[in-house]
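What follows is a set of notes on a single structure, which appears directly below.
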Amino acid sequence: MTAELATPTGAPFFHYQAGELRAEGVSLAELGQELGTPLYVYSRGALAAAWASYQEACVGHEVLVCFGMKANSNLAVLKEFARLGSGFDIVSGGELARVLAAGADPAKVVFSGVGKQAWEMQAALEVGVKCFNVESIPELKRLSEVATALGKTAAVSLRVNPDVDAKTHPYISTGLKENKFGIAIEEAPHAYTFAASLPGIAVVGVDCHIGSQITEVSPYLDALDKLLKLIDQLKAAGIALKHLDLGGGLGIRYDDETPLTPKLLLDKVFAQLQARGYGHLQLVLEPGRSLVGNAGVLLTTVQYLKHTEARNFAIVDAAMNDLMRPALYEAWHGVLPVAPRSSEQTLYDVVGPVCESADWLARGRTLALAEGDVLAIESAGAYGFVMAGNYNSRPRPAEIMVDGEQFHVIRQRETFADLIRGESCLPD
Ligand SMILES: *Cc1c(COP(=O)(O)O)cnc(C)c1O
């Protein structure tokens, strides 16, 4: 009897063929063997398909899709999106440097984030980003000073907090009153008047980002409704905007969620914009997870099977330092054996070697395993490698991009030399 094969979340780019899991035309068992594990593996086709799902939903409308690059900032991934025509949503000077290194157009970059420093503002002004998404009055003042000193004008969109419940995990919900993000929507008219009075500032838009892994349309439509009411108020006060930025946040399938597609969301958004007389506004979107999440897996090898009175543990060579989402958000990731075996199945907790009880990748999974088996942790393309660290002096994994029958190393596995680079001992 063979185990029933699950449909990978990254299907059809990740799929079983002849009893073996593949990324496009490449066997993941062979890849793990050749390059070692833990290993992040992305599919170029899956990136392009996710991008196309946004493009198709935007036909006939003026939309700028800015990849929320904190989800996956590997240069090869950025270059791929730049080539497809994407803009970028950045949250730091480091991300700006990556976007420039990937050869992307700064005029398609929006700069988000609640704590921008003067040097970051300066760097972004010098290359001419499209817009700063400003989150507070003190930030407005600083941006005005930095821009004036450089003799530049900063295009500004205020990130307002519409106080809507995105119905997602509290750690990834950002649009509620108690969150640190944005300017409260009631205070926004005053903030806009103030912004318009400042030297070196040009008000161009309005922005919100209400959370992540959102699987319903209603929170977006509630936020949009509040933003449009604000735009009405601003218009009456003589402040005209050019764009409306709805942020990112579209969910993906990790388990059995029915994800919201760009089309399902945007059909409703365009209808509402039209109905309210704002069909001319440019729409800006900042999707991260939905462009890359299911375009990647993390390969890991079973080191030991440990059976205790309470639990069965599959101790693997990937850990919380490689994929932090389970430890951080109790996130659920699918686990697929790359070469499923037909032996008896057991309930396992899949855990890493790090000295923390939070170091688990998946709990209570029915699997048939043996030492040496390679597992694919699914949906690891977003907030995977970018959150990886070196805790327990573990080198970060390599990253691979599969393209048809080929694969490319897009980041080498770290070495011991990488681990201690920059460290030095005290003089004798
Ligand atoms: C993280 C983030 C995004 C991307 O969010 P996803 O849920 O990955 O789509 C977009 N905009 C801002 C401001 C963010 O902080």
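Below is a table of values for the structure above.
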| quantity | calculated |
| --- | --- |
| Test result for residue 264, within 16 Å of the ligand (Cβ to nearest atom), in the same structural domain as residue 280 (by TED's automatic domain parsing) and in a helix (DSSP H, G or I) | yes |
| Extreme residue, nearest to the ligand (Cβ to nearest atom), among residues of segment 124-161 that are of a type in the set (D, E, K, R) and more than 18 Å from residue 282 (Cα to Cα) | 135 |
| Hits in segment 126-139 - residues which are over 26 Å from the mean Cα position of the chain (by Cα) and hydrophobic (A, V, I, L, M, F, W, C) | 137 |
| Which listed residue is out of contact with any Asp or Glu (no Cβ under 6 Å at 6 or more places or on another chain), free of Cβ contacts under 8 Å to residues at least 24 places away in the same chain and crowded, with 21+ Cβ neighbours inside 10 Å, from 132, 88 | 88 |
| Tally of residues being closer than 30 Å to residue 246 by Cα and either out of contact with any Cys (no Cβ under 7 Å at 6 or more places or on another chain) or of a type in the set (Lys, Arg) (or both) across segment 286-337 | 23 |
| Residues of segment 27-38 satisfying the condition of being of a type in the set (A, V, I, L, M, F, W, C) and more than 11 Å from residue 338 (Cβ to Cβ) | 35 |
| Segment 59-85, residues that are part of a helix (DSSP H, G or I) and within 16 Å of the ligand (Cβ to nearest atom) | 69, 70, 71, 77, 78, 81 |
| Of all residues in segment 308-338 being part of a strand (DSSP E or B) and more than 22 Å from residue 358 (Cβ to Cβ), the one that is nearest to the ligand (Cβ to nearest atom) | 336 |
| For residue 217: the one exception among (1) surrounded by fewer than 17 Cβ atoms within 10 Å (Cβ to Cβ); (2) more than 16 Å from the ligand (Cβ to nearest atom); (3) β-branched (Val, Ile, Thr) | (2) |
| Residue within segment 268-282 that is within 16 Å of the ligand (Cβ to nearest atom), under 23 Å from the mean Cα position of the chain (by Cα) and assigned to a strand (DSSP E or B) present | no |
| Failed item, numbered, when residue 88 is tested on (1) closer than 25 Å to residue 197 by Cβ; (2) in a strand (DSSP E or B) | (1) |
| Yes/no for residue 303 being at pLDDT 95 or above, of a type in the set (S, T, N, Q) and in contact with a Phe, Trp or Tyr (Cβ under 9 Å, 6 or more places away or on another chain) | no |
| Residue satisfying condition, being within 22 Å of residue 67 (Cα to Cα) and in a loop (DSSP other than H, G, I, E, B), within set 110, 156, 114, 164 | 114 |
| Evaluation of residue 38 against (1) within 16 Å of the ligand (Cβ to nearest atom); (2) surrounded by 21 or more Cβ atoms within 10 Å (Cβ to Cβ) (one fails), failing number | (1) |
| Any chance residue 239 is of a type in the set (Val, Ile, Thr) and closer than 21 Å to residue 65 by Cβ | no |
| Selection count, segment 274-329, where residues are in contact with a helix residue (DSSP H, G or I) (Cβ under 6 Å, 6 or more places away or on another chain) and either closer than 25 Å to residue 110 by Cα or among the polar types (S, T, N, Q) (or both) | 6 |
| Unmet criterion (only one of (1) out of contact with any Ser or Thr (no Cβ under 6 Å at 6 or more places or on another chain); (2) part of a loop (DSSP other than H, G, I, E, B)) for residue 362 | (2) |
| Residue in segment 259-282 that is under 30 Å from residue 360 (Cα atoms) and at pLDDT below 95 present | yes |
| Criterion: more than 23 Å from residue 62 (Cα to Cα), out of contact with any His (no Cβ under 6 Å at 6 or more places or on another chain) and touching a residue at least 40 places away in the same chain (Cβ under 8 Å) - qualifying residue of 97, 147, 118 | 147 |
| Selection count, segment 224-252, where residues are within 14 Å of the ligand (Cβ to nearest atom) and not hydrophobic (A, V, I, L, M, F, W, C) | 5 |
| Scope segment 93-115; condition within 12 Å of the ligand (Cβ to nearest atom) and buried (at least 19 other Cβ atoms within 10 Å of the Cβ); matching residues | 95, 110, 111, 112, 113 |
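The values are calculated or read from the model by the stated rules, or taken from the named source; none is laboratory data. All values derive from a computational prediction rather than experimental measurement. Counting neighbours? That spans all protein chains shown, and the Cβs are built from the backbone with ideal geometry, glycine included.
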